[in-house]
Amino acid sequence: MSSAWTAVAIVGVGTIALKSTGPVLLGGRELPARLMGLLSVLAPALLAALVVTQAFASGRHLVLDPRAAGLGAAAVAVLLRAPLLAVIVIAAAATALVRAL
């Protein structure tokens, strides 16, 4: 086995160990209410951070390009309660339109 595959195996075992630590240690215990509140907003906050960095960043620089128009169009579509597929199509169309101009 090459050193690259050895590294992959070690990282895989480490990942499994880290992911299993929480359920093993906490078992059937109830989490404190304060921690449950934090966990309930963690995923949306991480998703928002990912969207913002993908829409307004290019390398280590902030940019305002057609992706921002697509994000704005998607936000309007979400506010109007459009279906998810429509939101994606609207965002892509707005981005393409701004790039074409």
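Bear in mind that the values in this text are calculations on the coordinates, not laboratory data. Since we're looking at a predicted model, the values are computed, not measured.
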In order through region 4-16: 3J(HN,Hα) via Karplus (6.51 cos²θ - 1.76 cosθ + 1.60), integer Hz, x for Gly, Pro | 5, 5, 5, 5, 4, 5, 5, 5, x, 5, x, 5, 4
At 4 °C and 1.567 mPa s, grab the translational diffusion coefficient of the chain from Stokes-Einstein with a Kirkwood Rh over Cα pairs, rounded to a whole number in µm² per second.
-> 73 µm²/s
Can you work out ³J(HN,Hα) from phi for every residue in region 18-33, in order, using Karplus 6.51 cos²θ - 1.76 cosθ + 1.60 and θ = phi - 60°, giving whole Hz and x for Gly and Pro?
-> 5, 5, 8, 4, x, x, 5, 6, 8, x, x, 5, 7, 7, x, 4
Listed residues L84, L18, L71, most fluctuating in the chain (Gaussian network, C-alpha, under 10 Å) | L18
For region 51-57, in order, what is each residue's ³J(HN,Hα) by Karplus, 6.51 cos²θ - 1.76 cosθ + 1.60 with θ = phi - 60°, in whole Hz (x at glycine and Pro)?
-> 4, 5, 5, 6, 8, 10, 10
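Per-residue ellipticity at 222 nm for the chain, helices alone: DSSP H runs ≥ 4 residues times -39500 (n - 2.57), over residue total, nearest 500 deg cm²/dmol? Present the calculation step by step, with values, prior to reporting the outcome.
Values: 4 runs with 79 residues, N = 101.
For the chain, the value works out to -27000 deg cm²/dmol.
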